[in-house]
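See structure below.
Each value in this text was obtained by applying a stated rule to the coordinates, not by laboratory testing. Quick caveat, the model's predicted, so the values are computed rather than measured. Methodologically, a virtual Cβ is constructed for each residue, glycine included, from the backbone with ideal geometry; neighbour enumeration extends over all protein chains shown.
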Amino acid sequence: MSEERVVRLLDIALSEGASDVHLSPGSHPILRIAGSLVPLLSEPVLAAEETAGMLETMVPEHRRETFEKAQSIDFSYDHKKRARFRVNAYVTGAVISIAMRLIPEAIRTFTELNLPPLLDVFSQRQQGFFLVVGPTGHGKSTTLAALIDRINETRAEHILTIEDPIEYFFTPKKSMIHQREVRIDAPDFHTALEASFREDVDVIMVGEMRDQETMSSAVTAAETGHFVLSTLHTNTASQTIDRIIDMFPASQQNQVRLQLAGSLAGIFSQRLIPRVSGGLIPAYELLINNTAIANLIREGRTHEIPSVIQTSAQEGMIDMDRSLADLVRRGEIAVERAYEHAFDRKTFERYL
């Protein structure tokens, strides 16, 4: 019965164009559609035994012990060969809740995602460190997938992805691609990243930078001839740099600043904002590492980075407030929505 209801709810999610499905005891199933949570009032309220049964039908048998120990688990789930979902199940108030994120089957291009064409420049990088940042649910993985697939289409490289779980499956085109899933193909991100140094890899995509060891290995890889791409849950480019440096003990932070100043390629921060015409559209900030940015990183003056981004549009940099103002002027988003995401309201108002 639990399996049948999972199938029915996921069918509804696909037909309604939902990005996420939330299953929590004591509530109706809830979909996230165009950024808003929508309860399925036509569906019965979920019981604790039901969500537990749903999880049992979805989670791979060899991972059940992991859930029992950690009280949470991440895995991917195939729905009738029509769609894949990234699933997180977790215990809250002694009952099991489940959050499911739809992973679109097709990997979309920069144009289809309404992303700036300038991102294509990074698909040609031979080495360096590129980060896509922003809150959960704002399309970081989708942007990374578009960038990886662009490399795949245009360059003959060995690409390695390290993910938890694997989201998009890539079909090799010009490149050779291997995808490793944490806890199935490798014990953790750091171990898989260290092993990549012996695997003749050119491009490495790390699903998420979660700890100092992984970050240290990623920066080293970027310094030694690899192009490394990853994500962080940070809001701005300057905050991202601070977060990276703060991962390390004080005794190592000067060295990390030097490494980052030399290896960073760029940071792309994005937000998905409800469109006036329906759906979502991204607003974004793009930092491109140049001499001025590298000096600010080395000298610990990251608070000055937003000003450099604002005054470097001619070099291709984009600041979030200008991006939001452009969307408002084009009639894509409401000004009230733009205010919600502006980094600096006064700067945003000047751009309008």
Legend entry - Options 184, 294, 152, ranked by Cα towards positive dipole end of the range 119-351, top entry (Cβ charges): 294
Inset, instruction - Convert each backbone phi in the range 313-326 into a coupling constant with the Karplus relation 6.51 cos²θ - 1.76 cosθ + 1.60 (shift: θ = phi - 60°), then list the ³J(HN,Hα) values in order as whole Hz, x for Gly and Pro. - result: 4, 5, 8, x, 6, 10, 9, 4, 5, 5, 4, 5, 4, 4
Legend entry - Net charge of neighbours whose Cβ lies under 12 Å from the Cβ of residue 302, counting Lys and Arg as +1 and Asp and Glu as -1: 0
Inset, instruction - Just subtract the alpha-carbon distance of residue 120 and residue 156 from 0.36 nm times their residue separation and send over the number in nm, one decimal. - result: 11.4 nm
Inset, instruction - Would you mind getting me the FRET efficiency between residue 15 and residue 90? Use the beta-carbon distance for r and R0 = 22 Å, nearest 0.05. - result: 0.25
Inset, instruction - Kindly put 168, 90 in sequence by how many other C-beta atoms sit within 10 Å of each C-beta, fewest to most. - result: 90, 168
Legend entry - Those GluC sites (Glu not before Pro) in the range 56-135 that DSSP places in a loop and that have at most 15 other beta carbons within 10 Å: 105, 112
Legend entry - Nearest-20 debye value, the chain charge dipole, Cβ charges on Lys, Arg, Asp, Glu: 760
Legend entry - Rounded to 10°, Cα long-axis angle of helix 2-15 versus longest principal axis of the chain: 50
Inset, instruction - Check each of the trypsin sites (Lys or Arg not before Pro) in the range 130-168 and keep only those in coil by DSSP with at most 10 other C-beta atoms within 10 angstrom; list them in order. - result: none
Legend entry - residue 114 long-range amide H proximity, modeled H, under 5 Å: none
Inset, instruction - Distance between Cα centroids, the range 111-178 to the range 313-352: provide it in whole Å. - result: 26
Inset, instruction - Would you give the gap between the C-alpha center of the range 249-299 and the C-alpha center of the range 20-79, rounded to a whole Å? - result: 34
Legend entry - Karplus-derived 3J(HN,Hα), 6.51/-1.76/1.60, for each residue of the range 203-211, Hz, glycine and proline x: 10, 10, 10, 9, x, 7, 8, 9, 8
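In a shell of Cβ-Cβ distance under 12 Å around residue 226, excluding residue 226 itself, what net charge do Lys and Arg (+1) and Asp and Glu (-1) give?
Once all neighbours under 12 Å are counted, the net charge is -4.
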Legend entry - Overall form of the range 202-261 per C-alpha gyration tensor (a/c, 1.5; a/b vs b/c): oblate
Inset, instruction - Could you list the GluC sites (Glu not before Pro) in the range 195-283 that lie in coil according to DSSP, counting only those with at most 15 other Cβ atoms within 10 Å of their Cβ? - result: 199
Inset, instruction - Taking the Cβ of each residue in 143, 111, 191 as the centre, tally the other Cβ atoms inside 10 Å and list the residues starting with the fewest. - result: 111, 191, 143
Inset, instruction - Just the number, please: Stokes-Einstein D of the chain in µm²/s, Kirkwood Rh from C-alpha pairs, 10 °C, 1.306 mPa s. - result: 74
Legend entry - Long-range HN-HN contacts of residue 108 with modeled amide H, under 5 Å: none
Legend entry - Nonlocal amide H pairs with residue 204, under 5 Å, H built at 1.01 Å: 160, 227, 228, 229
Legend entry - Helix 212-223 vs. the chain, principal-axis angle (Cα, 0 to 90°, nearest 10): 50
Inset, instruction - Apply the Karplus parameterisation 6.51 cos²θ - 1.76 cosθ + 1.60, with θ equal to phi minus 60°, to every residue of the range 80-87 and state each ³J(HN,Hα) to the nearest whole Hz, in sequence, with x for glycine and proline. - result: 6, 6, 9, 7, 10, 10, 8, 10
Inset, instruction - Would you please classify the overall shape of the range 14-125 from the alpha carbon gyration tensor, given that a ≥ b ≥ c denote the square roots of the eigenvalues, rounded means a/c under 1.5, and beyond that prolate means a/b larger than b/c while oblate covers the rest? - result: prolate
Inset, instruction - Taking the Cβ of residue 153 as the centre, find all other residues whose Cβ is under 10 Å away and add up their charges (Lys, Arg: +1; Asp, Glu: -1). - result: +3
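Which ordering of 131, 296, 327 is given by a fewest-first count of other beta-carbon atoms within 10 Å?
Taking fewest neighbouring Cβ atoms as first place, the list is 296, 327, 131.
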Inset, instruction - Taking the Cα centre of the range 2-103 as origin, work out the dipole magnitude from +1 charges on Lys and Arg Cβ and -1 charges on Asp and Glu Cβ, in debye rounded to 20. - result: 380
Inset, instruction - Compute the long axis of helix 140-154 from its Cα atoms, compare it with the longest principal axis of the Cα atoms of the chain, and write down the angle in degrees, 0 to 90, nearest 10. - result: 70
